[in-house]
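Peer 1: Before anything else, here's the structure in question.
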Amino acid sequence: MITKTFDVPRIHCDGCVHTVTTAVSRLSGISKVEASFQTKKVLVEFNPASVDETKIREALKSAGYPAN
């Protein structure tokens, strides 16, 4: 497992947290997603054999929350 933190500046409320968490959790190989509107960060734990950082970034962007 790999743990990666993404900066996601558009997160500003609990609704954003829910949207981001749901979008990333739907990907295969994701074991943990923690998003915070206070820090504007998303921590993701994932299996690199199933999903990579690019796919996670694409899921965030598709949900309307592109990562820096």
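Peer 1: Can you tell me how many residues within region 11-38 are among the β-branched types (Val, Ile, Thr), out of contact with any Asp or Glu (no Cβ under 9 Å at 6 or more places or on another chain) and outside any helix (DSSP H, G or I)?
Peer 2: So the count comes out to 1.
Peer 1: Oh, and also: For region 47-62, state whether one or more residues are under 11 Å from the mean Cα position of the chain (by Cα), at pLDDT 95 or above and not in a helix (DSSP H, G or I).
Peer 2: No, there is no match, as no residue in region 47-62 is under 11 Å from the mean Cα position of the chain (by Cα), at pLDDT 95 or above and not in a helix (DSSP H, G or I).
Peer 1: Take THR19 and tell me if it is touching a Leu at 6+ places or on another chain (Cβ under 6 Å) and among the hydroxyl-bearing types (Ser, Thr, Tyr).
Peer 2: no
Peer 1: While we're on this one: Kindly indicate whether GLY29 is more than 12 Å from the chain's Cα centre (by Cα) and at positive phi.
Peer 2: Yes; evaluated as a whole, the condition is true for this residue.
The values are calculated or read from the model by the stated rules, or taken from the named source; none is laboratory data. All of these numbers come straight from a predicted model, not from anything done at the bench. Neighbour counts run over all protein chains shown; Cβ positions are idealised from the backbone, glycine included.
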